[in-house]
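Worksheet: one structure, shown below.
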Amino acid sequence: MPKITYIEHNGAEHVVDAEKGVSVMEAAVKNMIPGIDADCGGACACATCHVYVDPAWMEKVGKPETMEESMLDFAYEPKENSRLSCQITVSDALDGLIVRLPEFQG
Amino acid sequence: MSERAIIIGAGQAAAQAAQSMRQAGFDGDIVMIGEERELPYQRPPLSKTYLQGELGADRLYLRPAAFYEQQRIDLRLGLRVASIDAAAKTVTSETGETLSYDKLLIATGAPPRRLDCAGADLEGVRYLRSIADSDALRPALSAGGRIVIVGAGYIGLEVAASARKAGLDVTVLEMADRVLARVAGKDVSAFYEKLHLDRGVDLRLGAALDHFEGNGRVSAAVLKSGERIDCAAVLVGVGAAPAIALAEAADLRIANGVWTDDHARTSDPSIWAAGDCASHPSPIYERRLRLESVPNAIEQAKVAGANMAGGDVVYDAVPWFWSDQYDVKLQTVGVSEGADETVLRGDPDAKKFSVWYLQRGRLLAVDAVNDPAAFALSKRLIAARAAVDAKILADPDTDLKSLVS
């Protein structure tokens, strides 16, 4: 299973084995990673699963679609490498992915 | 002995409240009693991706079972509560077990209103609230033929979209003269009517159902006009009613749901309520609201959980809602009732627009169709009780971001 590393705002690191096909948000929730709320459950409706993708992974993860981009625009402290983790699907290509969590969600 | 909190219900509000109690440092026992045999799960996909078979049940659960063990939340699933004794501070289950509590949360939700017309109990007449309901409806989507959907609210229209995707013939019956009449403005209703008509839905507005016919199994819906619509299945989505029976029997105050104060506390100081079953005073709208939505369940449960753990938190979240139909996302912020002016931004024909509802110059609510920027921005404006100039808003050249100071 692909490994994903979540780094909390306080620096705490969590490495999880994520199932292929689920979203990076779902893998976080399943593994009880604090800092990802995902209020809407992955419908791209709430922007509470905001993550910063490690710059080395940005190309593989890809760019957000229009809906997601607009949501991110209003997330807490969006950056160039912001994504909604519910919109990133876990795959072998993302084995080793590192994402950082913002200080707040929503 | 350590304190014990009991949560009646195991839905989104119940799960959130338990988690929030722990986050706020509550160290006593937490017992969560749910009628369904499922771990707490999200209901919105039941009319959409889960119904369509795109999302498995394992992806509906809010948290894995290990979470509840780790947080010492004792899940009693498949168990129904028979009564609350508020004086003795006990809860008795239908199996006769009595548990005492120090703090109690009522998070019983709002089950669908049921029809009582002739034929309403025929096989194939279905409602949608639980995983079991969605599982029971799914075979109808692959069986072909026509489904009659009673009610053009969120549930009815979302199922209509799912059924059309599955290739079914779909007739939607709505008594009102427009769809989404309870939850959205006229421009938005008109947009969704066209959307469903374009996708081949047989939409009947101002159509009243009289009864169903069938020999054991439903085979037709008959309208008050006398018209008979043959069908293989029926889905009824005519709203929901708060589950207040336990609270009522325990002599708690009722006001369109279980009455709560601005701290999510009921008329009994040891009992709180949250989610679809509870009404609360809204500081933003200066009146009592009862909301049927996931965000309300989550936010109100956060408040209830924090206060049950000894906190002093006021519930003041901006209400919001969403609905996915075909490739269109509707996000609603606020409550538009009482609006005296509406402003349309964007182009409904381009499937991207927003409708802004004002009352005496103050922003009450926004319906945003495929327009998350309008959604996110209006959420901030409404939270800030912002006044908005309708003329500036109506100007297509206005950059929405300039409205936030």
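Round to a whole angstrom and tell me the spacing of the C-alpha centers of region B:318-389 and region B:1-58.
Going from one Cα centre to the other spans 30 Å.
How would you classify chain B from its alpha-carbon gyration tensor, with a ≥ b ≥ c the square roots of the eigenvalues: rounded for a/c under 1.5, else prolate if a/b is greater than b/c, otherwise oblate? Write down the numbers at each step before the final one.
Details: a/c = 1.92, a/b = 1.17, b/c = 1.64.
Verdict is oblate for chain B.
For region B:65-107, just the Cα atoms, rotate onto the principal axes and tell me the three extents in Å, largest first.
Principal axes ranked by extent give 34, 21, 17 Å for the Cα atoms.
Kindly provide the chymotrypsin sites (Phe, Trp or Tyr not before Pro) of region A:31-106 that DSSP labels as loop, not H, G, I, E or B, and whose Cβ sees at most 16 other Cβ atoms within 10 Å. Working shown, then result.
Working: sites: A:Tyr52, A:Trp57, A:Phe74, A:Tyr76, A:Phe104; in loops: A:Phe74, A:Tyr76, A:Phe104.
Those satisfying the criteria are A:Tyr76, A:Phe104.
Report for chain B the percent antiparallel among DSSP-assigned beta bridges with both residues inside it, nearest 5. Mind dumping the intermediate values first?
Values: 49 of 84 bridges.
Beta bridges within chain B, antiparallel portion: roughly 60 percent.
GluC sites (Glu not before Pro), restricted to region B:52-138: which are DSSP loop and have at most 14 other Cβ atoms within 10 Å? Each step should come with its number before you reach the end.
Values: sites: B:Glu54, B:Glu69, B:Glu94, B:Glu97, B:Glu123; in loops: B:Glu54, B:Glu94, B:Glu97.
Within region B:52-138, the qualifying GluC sites (Glu not before Pro) (loop, at most 14 other Cβ atoms within 10 Å) are B:Glu54, B:Glu94, B:Glu97.
Between B:Ala88 and B:Ala57, take the C-beta separation as r, use R0 = 56 Å, and let me know the FRET efficiency to the nearest 0.05.
On the way: r = 38 Å, r/R0 = 0.68.
Result of the calculation: an efficiency of 0.90.
Go ahead and set up a Gaussian network model of chain B, Cα springs under 10 Å, then flag whichever of B:Leu173, B:Leu105, B:Leu77 fluctuates most.
Looking only at B:Leu173, B:Leu105, B:Leu77, the largest GNM fluctuation is found for B:Leu77.
Indicate the gyration tensor shape class of the protein assembly as shown (rounded, prolate or oblate), computed on the Cα atoms with a ≥ b ≥ c the square roots of the eigenvalues: a/c under 1.5 is rounded; otherwise a/b larger than b/c is prolate and the rest oblate.
Details: a/c = 1.30, a/b = 1.05, b/c = 1.23.
Rounded is the answer for the protein assembly as shown, as its axis ratio a/c remains below 1.5.
Bin width 5 Å, alpha-carbon pairs only: give the P(r) of region B:150-273 as whole percents, running from 0 to the bin holding the largest distance.
Whole-percent P(r) values from 0 Å outward: 2, 10, 17, 16, 13, 10, 9, 10, 8, 4, 1.
Calculate log10 I(q)/I(0) of region B:327-403 for q = 0.18, 0.20, 0.21, 0.26 Å⁻¹, where I(q) comes from the Debye formula with a single equal point scatterer on each Cα and nothing for solvent.
-0.63, -0.79, -0.87, -1.35
Non-local amide H neighbours of B:Leu235 (under 5 Å, H modeled in plane, Pro and chain starts lacking H): which ones?
Counting only residues 5 or more places away or on other chains, the set is B:Arg126, B:Val148, B:Ile149, B:Val150.
Within chain B, which DSSP H helices have Cα atoms that stretch 15 Å or more along the helix axis and a mean Kyte-Doolittle hydropathy of at least -0.5?
Working: long enough: B:12-23 (16 Å, -0.70); B:131-143 (19 Å, 0.35); B:154-165 (16 Å, 0.29); B:186-198 (18 Å, -0.55); B:294-308 (20 Å, 0.14); B:372-383 (17 Å, 0.94).
Span-like helices here: B:131-143, B:154-165, B:294-308, B:372-383.
Taking neighbour counts of Cβ atoms within 10 Å as a proxy for exposure, in what order, fewest first, do A:Glu69, B:Glu35 appear? Numbers along the way, then the final one.
On the way: A:Glu69 16, B:Glu35 20.
Final ranking by Cβ density, sparse to dense: A:Glu69, B:Glu35.
For a Förster distance of 22 Å, can you work out the FRET efficiency between the beta-carbons of B:Asp198 and B:Ala387, rounded to the nearest 0.05? Show your work: numbers first, answer last.
On the way: r = 38 Å, r/R0 = 1.71.
FRET efficiency, B:Asp198 to B:Ala387: 0.05.
Filter the trypsin sites (Lys or Arg not before Pro) in region B:265-329 to those in DSSP coil with at most 14 other Cβ atoms within 10 Å of their Cβ, and list the result.
On the way: sites: B:Arg265, B:Arg287, B:Arg288, B:Arg290, B:Lys302, B:Lys329; in loops: B:Arg290.
Within region B:265-329, no trypsin sites (Lys or Arg not before Pro) qualify (loop, at most 14 other Cβ atoms within 10 Å).
Among B:Ala383, B:Leu364, B:Gly346, pick out the residue whose Cα is farthest towards the positive end of the charge dipole of region B:317-405, where Lys and Arg carry +1 and Asp and Glu carry -1 on C-beta, about the Cα centre.
B:Ala383
Per-residue HN-Hα couplings for region B:345-356, Karplus 6.51 cos²θ - 1.76 cosθ + 1.60 at θ = phi - 60°, whole Hz, x for Gly and Pro?
Using θ = phi - 60°, the values come out as 10, x, 10, x, 5, 8, 6, 8, 6, 9, 10, 10 Hz.
Using only the Cα atoms, work out Rg/Rh for region A:19-106, with Rh taken as the Kirkwood radius, to two decimals.
Numbers: Rg = 11.6 Å, Rh = 12.7 Å.
Using Cα coordinates only, the ratio equals 0.91.
Values quoted throughout were computed directly from the atomic coordinates according to the rules given, and no laboratory measurement underlies them. No experiment lies behind these values; they were computed from the predicted model shown. Here Cβ is always computed from backbone atoms with ideal geometry, including for glycine, and neighbour counts include all displayed protein chains.
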